[in-house]
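Peer 1: I am attaching a structure below and will ask some questions about it afterwards.
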Amino acid sequence: MTAPSVYLRSIGTALPGPPVDNAALAARFGLNRLWEQWVDTFVGTKARHLAVDLATGEVRYSLADLAETAGRRALANAGLTAADVDLVVMGTAMPDALMPATVNVVADRLGIDQVPAYQLQSGCTGAFQALDVAHQMLLTGRHHTALVLGGDVCAKHFDMTRNPADLPPGEQVNGVLFGDGAGAVVLSSRAAPGAARVRHVFVRLTGLGRAPGQTLEWYGMAERDSPKPPAVEDYKAIEESVPRMAAEILDEVLDNLGWKRADLDFVLPPQLSGRMTARIAEVLDVPDAVEVSCVAETGNNGNALPFLQLERALPQLSYGDRAVAIAVESSKWIKAGLALEVV
């Protein structure tokens, strides 16, 4: 029996509040123009969306809030309702709580019940992991329509009272790199006009014996006075490793499908920062493909990013077009790739 094909039917995203540019960050913390220029030049991210109020630090949006909005938009764009969904999968590095799982809160709000629901906790490849799980389950033929969610709300992990200039570089960079957001797609074994077929998706851990490039702490009450910073990253290790890993992922996806670089119409590179993404795009060396990037305007909002890229790419895809999306997770060095084709 021939396995069914899986199609990406629709997409929806949600960003919290208006964009916060570098000038607004500088004004909030009393930083000078040189700091703002440093962010523009060496990070390359112009703005981000924050789930907290910049002035007060009050949390305005939860991950469930954003994922619910993204999920509703994805279902509406597919012309479907909650009753049509028979599988829900979510990828996030920062769920709202340890329990209940955020995916179940979102499903409840959307009116989805009596279906399998899975939450995968991972960094920048979490969205791909969720897509991979849903894809594999749809291929069995036991399920037909999956709502796949991804997103992160990281601003709540940062101390909005501390001046970024007083932080060590490993912490300071996080405050300008990251933002918040969520996304959702509808995957289906039933084709629809304009839907893109999922040709290949993979996720692979490659960090055996290697130190993490990024660490995000989760404090319990016993650790509430811990001096450890909530988030730290080895940006130098990321700069050195991610471009190379991205090129390896692209080669693997192309080899698996028998495609060549010249066959690609769109490429969705990893979205670390404006500067890093530009460097990665050069290393990928796909000059004839349209690069679809968003991080310079949205900030690095983790597992929302692939959905934000897909939201920009899908309206541009036409019959026969091929696209590859790539993600690298530096927390323990994970590779992920996704190939789509309009057939």
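Peer 1: Applying the selection to segment 74-117, what residues are in contact with a helix residue (DSSP H, G or I) (Cβ under 7 Å, 6 or more places away or on another chain) and of a type in the set (S, T, N, Q)?
Peer 2: Passing the criteria: Thr81, Thr92, Thr102.
Peer 1: For the structure I just gave you, tell me whether Ala296 is under 20 Å from Gly44 (Cα atoms), in contact with an Asp or Glu (Cβ under 6 Å, 6 or more places away or on another chain) and surrounded by fewer than 21 Cβ atoms within 10 Å (Cβ to Cβ).
Peer 2: Against the criterion (under 20 Å from Gly44 (Cα atoms), in contact with an Asp or Glu (Cβ under 6 Å, 6 or more places away or on another chain) and surrounded by fewer than 21 Cβ atoms within 10 Å (Cβ to Cβ)), Ala296 does not qualify.
Peer 1: Here's another thing I want to ask about it. Out of Arg244, Arg199, Arg204, which single residue is basic (Lys, Arg), touching a strand residue (DSSP E or B) at 6+ places or on another chain (Cβ under 7 Å) and over 24 Å from Gln121 (Cα atoms)?
Peer 2: Arg199 is the lone residue from the list that is basic (Lys, Arg), touching a strand residue (DSSP E or B) at 6+ places or on another chain (Cβ under 7 Å) and over 24 Å from Gln121 (Cα atoms).
Peer 1: All but one of (1) buried (at least 22 other Cβ atoms within 10 Å of the Cβ); (2) at pLDDT below 95 hold for His157, so report the exception by its number.
Peer 2: Failing condition for His157: (1).
Peer 1: Next up: Take the residues in segment 24-58 that are surrounded by fewer than 16 Cβ atoms within 10 Å (Cβ to Cβ) and of a type in the set (Val, Ile, Thr), then tell me which one is modelled with the highest pLDDT.
Peer 2: Thr56
Peer 1: Pull up segment 267-326, narrow it to residues that are polar (S, T, N, Q) and touching a Pro at 6+ places or on another chain (Cβ under 7 Å), then point me to the one that is nearest to Ala51 (Cα to Cα).
Peer 2: Restricting to residues being polar (S, T, N, Q) and touching a Pro at 6+ places or on another chain (Cβ under 7 Å), the top hit is Ser293.
Peer 1: I'm checking my understanding of the structure. Among residues of segment 214-229 that are closer than 14 Å to Ser331 by Cβ and out of contact with any Lys or Arg (no Cβ under 8 Å at 6 or more places or on another chain), which one is surrounded by the most Cβ atoms within 10 Å (Cβ to Cβ)?
Peer 2: The selected residue is Gln214.
Peer 1: OK, next. For a quick check of your reading of the model, give me the residue pairs whose first member lies in segment 88-101 and is assigned by TED's automatic domain parsing to the domain that holds Asp65 and more than 21 Å from Arg142 (Cβ to Cβ), whose second is hydroxyl-bearing (Ser, Thr, Tyr) and in a strand (DSSP E or B), with beta-carbon atoms closer than 9 Å and at least 6 apart or on different chains.
Peer 2: Ala101/Tyr118
Peer 1: On to the next question. So which residues in segment 1-16 are surrounded by fewer than 15 Cβ atoms within 10 Å (Cβ to Cβ) and either in contact with a Leu (Cβ under 8 Å, 6 or more places away or on another chain) or closer than 18 Å to Gly181 by Cα (or both), if there are any at all?
Peer 2: Ala3
The values are calculated or read from the model by the stated rules, or taken from the named source; none is laboratory data. Just so it is clear, the model here is predicted, and its values are computed rather than measured. We place every Cβ from the backbone using ideal geometry, glycine too, and count neighbours over all the protein chains shown.
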